[in-house]
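Note sheet for the following structure.
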Amino acid sequence: MSRIAAILAGLLALPGFLDAGAILPAFLLLVAAIIVFRARLAARVQIAALAVAPHVAGWMLVSDPPHGLAFFGLAVSSWLLAWLLVDRLSRLAPSSIWLRRGLFILIPALFGVWLLLLWELLCIGLDIPKVLLPPPSAIAARFATSIPTLWADFRQTFLKAVLIGYGLGCASGFIVAILIDRSPFLQRGLLPVGNLVSALPIVGVAPIMVMWFGFDWPSKAAVVVVMTFFPMLVNTVAGLAAAGRMERDLMMTWAADYWQTLGSLRLPAALPFIFNALKINSTLALIGAIVAEFFGTPIVGMGFRISTEVGRMNVDMVWAEIAVAAVAGSLFYALVAAIERMLTFWHPSFRVQE
């Protein structure tokens, strides 16, 4: 807090500071927040002041940006106050589970908002050319005017190549893992080959799949199958071996056959391993489909759009595609994680979090 006050005090000595547009209101807001915090008022009042002042000040700096040291001083002070807000929120320990879950979402959301705001402020303050790094406002504007194109690319890459390849790759990896578990010969012969194939570079596999399956989405789905098959295979095999010897002996005393033991004991014990593979594959699948589109695709798709717009110097469109891919991948991962929590609520990792 003393560092923030020192920065703000130093700004007053700058010539023309009080006449520089939005600087004075932003300055007064930050000073008011510091006064409220230092007055040792109720925690709710302090958090409210820290929640309002830096965000409104940051918005003022973006809307009516001044020049010189005053801009950077206020930007740094706003960021430090926002950091203090996140620190205070992270120390809260509410008794309500809903408030705890709300803080669990709010804290990373504030962190993400300030990453975007700092990005915007740096682009404005340093006058970075848009061809090198467009500000988030330019990316958002391009996103709003390109929704039909972005939707067509998303449908081609994610809804076709990623989801179909992800489903086929994970399902086939799971089935082969069951076969390997039943056959010691396959366990000794196929697993080493699987580890070797999993290390193949995607830039080598993608052109071959394009030659085999054509330029449309099936070749991209084939690349996704190759990328997702072996993580699922290896994790499932490891998960099937996770059940304890004592539990297996108990199933044998009940005269349970292989499939009864598999369904009642070994598969439930393997669920954390299986979902670990599903979460890993949720990100690998999107990366594989986008990279595969660099090696041949129709005039639609995220990878095609990225490679084409980079050549045209339309970097804002490239960042819009990256944003779509990031949001889609994050939501896909969150969906798999939510299903994992519903099916493996008994696992110690989830019980400890409660």
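A short reminder: the numbers here are calculations on the coordinates, not readings from a lab. Since this is a predicted model, take the numbers as computed values, not measurements. With ideal geometry, Cβ positions are generated from the backbone for all residues, glycine too; neighbour counts draw on all protein chains shown.
Annotations for the structure displayed:
- Under 29 Å from residue 220, Cα to Cα: lysines that are on another chain or at least 8 residues apart: 160, 279
- FRET efficiency for residue 96 and residue 145, using Cβ-Cβ distance with R0 set to 45 Å, rounded to 0.05: 0.60
- Annotation: extensible slack from residue 271 through residue 213 equals 17.6 nm (criterion: 0.36 nm per residue apart, minus Cα-Cα distance).
- Here the simple spin-label model places points 7 Å from the Cα toward Cβ, and for residue 130 and residue 322 these points are separated by 1.7 nm.
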